[in-house]
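Reading through the structure tokens given below for one structure.
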Amino acid sequence: MVVKILLLLVFFGVMIGVGMYSRKMATDVNGFVLGSRKVGPWLTAFAYGTSYFSAVVFVGYAGQFGYKYGLSSTWIGIGNALIGSLMAWVVLGRRTRVMSKHLGTATMPDFLGKRYHSKAIRIVAALISFIFLIPYTASVYNGLSRLFGMAFNIPYIVCVLVMAILTAVYVILGGYMATAINDFVQGIIMLFGIAAVVVAVLNSNGGFFEAYKTLSQMESEYAVTEGLKGAYVSFFGPDPVNLLGVVILTSLGTWGLPQMVSKFYAIKDERSIKTGTIISTFFAIVVAGGCYFLGGFGRLADVSEITVDGKLVYDAIIPTMLSKLPDVLIGIVVVLVLSASMSTLSSLVLTSSSTITLDLIKPNLKKDLDEKKQLLIMRLFIVVFIVVSVVMAINPPTFIAQLMGISWGALAGAFLAPLVYGLYWKGTTRLGVWAGFVAGVGITVANMVFSWMSPINAGAWAMIAGLVIVPLVSLITPKLDKGEIDFSFKCYEKKKVVEEKIALPDDEVAK
């Protein structure tokens, strides 16, 4: 217990110290929200990765989907690395950085509003962001608090409150730069921590081959593979269709999440994009791949005592697996998941508060707000957002994975298509964007009411629907004014001189 407490105290001290150090870089709106667009590759890549993976993944998703799909759940981690990280950086990174700076935007709603020259789109996008970031934040609190309860026997409410206060302090003090520096520290902890935990858990089950052998003897519970032994160690697992839905939601979803895309706004230069792509992908392979691989052995845990009304509590599977580890390793796990969760929380609260201030209050209610008042309002809304999230987290309506599915489904369903098409296609129209908003939020909310399918699959369908509906509606609705389109895309037409190692000379290309 002493070791675990010491590790936590050191961790808390570093977080607050970084917040104090970063105060001098958060004296204006650009510095507070984007780190003055001077964030290097390592900080940006780790900020992206640590905002991506939190207690939701380690405790909720790895526990639930590892138990359901066995070792095939590792495909989720692979998808997160290749689609959610590598392809996101390649497809979105450079273009988002260039156009967001050209349009002078700092948030997703601001970007969409200026790209499509619509104040109404900006307002509605801001409301969608604020409303649907709350359940995601609540799910992070919920996941971390379960792990704290296992390690320290601390009441759930106390865990939530301590975590909320700590997040508020360092984000309010240092803004984006404080979160980026802390994300780097937290990311290092996550990389080494997940490797140590996977090895320790496998050893506690007799080693990899013994654990693999035991898992292979279990029969599938799913209709498509019912009675089949070895389904939980097979290539695609016992339920490949639903597994694909999880891969789509958790991988493609990052492309439309405001707190993820905002990381590209702050990139310093071209070198940072190239380096950041490699670092971010490696980070995702280790952390996401490790989490889901670990969760794949969830059926080896004693789950007989983690049921409520006869139903298995998925969120308790990973804590149960870890409860048998030595105290030092449990301490490392707690700091590992705390690192993942704090980074995600800081990104969420900063995104939400900046959206409300810059996209709703300033342009509509207080147009003459100076920099100091904007900063004050953002800091106040950080507190408001955290309080609302804490209230939801104290009495969460469902499992962690379902909370996150609702949030990701609505946000990515609404924003993914308008963002991607807006960066690449001049033909995207305002009515196309509105159709995307309706499809993304509509499918998510309708599924909450009628429960047609799991929130995970509903979220995946919301994203796919947006990618189909936005271009179809854009083809048959009035185009934006040519001057508006040309203004948005002229940033891509500026000429750059590059070395031949980057691009061949024209005469060689012609040959």
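The values are calculated or read from the model by the stated rules, or taken from the named source; none is laboratory data. Keep in mind the model is a prediction, meaning the values are calculated, not measured. Glycine gets a Cβ as well: all are built from the backbone with ideal geometry, and neighbour counts include every protein chain shown.
Of all the listed residues (Phe32, Phe12), the sole one being buried (at least 18 other Cβ atoms within 10 Å of the Cβ) and not charged (D, E, K, R) is Phe32.
Could you list, in sequence order, all residues of the stretch 255-313 that are in contact (Cβ under 8 Å) with a residue 12 or more places away in the chain, among the hydroxyl-bearing types (Ser, Thr, Tyr) and either outside any helix (DSSP H, G or I) or crowded, with 17+ Cβ neighbours inside 10 Å (or both)? Within the stretch 255-313, Ser262, Tyr265, Ser272, Thr277, Ser280, Thr281, Tyr292 meet the criteria.
Could you please find all residues in the stretch 321-359 being among the β-branched types (Val, Ile, Thr) and in contact (Cβ under 8 Å) with a residue 40 or more places away in the chain? Outline the logic, then answer.
Let us first name the residues in the stretch 321-359 that are among the β-branched types (Val, Ile, Thr), namely 328, 330, 332-335, 337, 344, 349, 351, 355-357.
Scanning the stretch 321-359 gives Val328, Ile330, Ile332, Val333, Val334, Val335, Val337, Thr344, Val349, Thr351, Thr355, Ile356.
Exactly one residue out of Phe53, Phe46, Phe65, Phe58 is aromatic (Phe, Trp, Tyr), touching a helix residue (DSSP H, G or I) at 6+ places or on another chain (Cβ under 7 Å), crowded, with 24+ Cβ neighbours inside 10 Å and closer than 30 Å to Tyr492 by Cβ: that is Phe46. Here Ile248 qualifies as modelled with pLDDT of 85 or more and closer than 23 Å to Leu82 by Cβ. Only one residue in Ile317, Ile377, Ile361, Ile356 is part of a helix (DSSP H, G or I), in contact with a Gly (Cβ under 9 Å, 6 or more places away or on another chain), at pLDDT 85 or above and not acidic (Asp, Glu). Which one? Of the residues listed, the single one that is part of a helix (DSSP H, G or I), in contact with a Gly (Cβ under 9 Å, 6 or more places away or on another chain), at pLDDT 85 or above and not acidic (Asp, Glu) is Ile317. The one condition from (1) assigned to a helix (DSSP H, G or I); (2) modelled with pLDDT of 75 or more that Ser339 does not meet is (2).
Could you check, for the stretch 76-87, whether at least one of its residues is modelled with pLDDT of 95 or more, among the β-branched types (Val, Ile, Thr) and either over 17 Å from Ile456 (Cβ atoms) or surrounded by fewer than 23 Cβ atoms within 10 Å (Cβ to Cβ) (or both)?
Looking only at the stretch 76-87, we keep the residues that are modelled with pLDDT of 95 or more, and these are 76-87.
Retained after the next criterion (residues that are among the β-branched types (Val, Ile, Thr)): 76, 78, 83.
Subsequent filtering for residues that are either over 17 Å from Ile456 (Cβ atoms) or surrounded by fewer than 23 Cβ atoms within 10 Å (Cβ to Cβ) (or both) retains 78, 83.
Within the stretch 76-87, one or more residues are modelled with pLDDT of 95 or more, among the β-branched types (Val, Ile, Thr) and either over 17 Å from Ile456 (Cβ atoms) or surrounded by fewer than 23 Cβ atoms within 10 Å (Cβ to Cβ) (or both).
When Ser139, Ser129 are checked against the criterion of being within 27 Å of Phe46 (Cβ to Cβ), at pLDDT 90 or above and either assigned to a helix (DSSP H, G or I) or not hydrophobic (A, V, I, L, M, F, W, C) (or both), a single residue qualifies: Ser129.
Among residues of the stretch 445-474 that are touching a residue at least 40 places away in the same chain (Cβ under 8 Å) and surrounded by 17 or more Cβ atoms within 10 Å (Cβ to Cβ), those with a Cβ under 8 angstrom from a residue that is among the hydroxyl-bearing types (Ser, Thr, Tyr) and in a helix (DSSP H, G or I), sequence gap 6+ or separate chain, pair up as Pro455/Thr444; Ala458/Thr444; Gly459/Thr444; Ala462/Thr444; Val470/Tyr421; Pro471/Tyr421; Ser474/Tyr421.
What do you reckon, is Lys24 buried (at least 17 other Cβ atoms within 10 Å of the Cβ), of a type in the set (D, E, K, R) and modelled with pLDDT under 85? For Lys24, the condition - buried (at least 17 other Cβ atoms within 10 Å of the Cβ), of a type in the set (D, E, K, R) and modelled with pLDDT under 85 - is not met. Would you be able to tell me the number of residues in the stretch 259-273 that are closer than 18 Å to Asn80 by Cα and either among the aliphatic types (A, V, I, L, M) or in contact with a Leu (Cβ under 7 Å, 6 or more places away or on another chain) (or both)? So the answer is 4.
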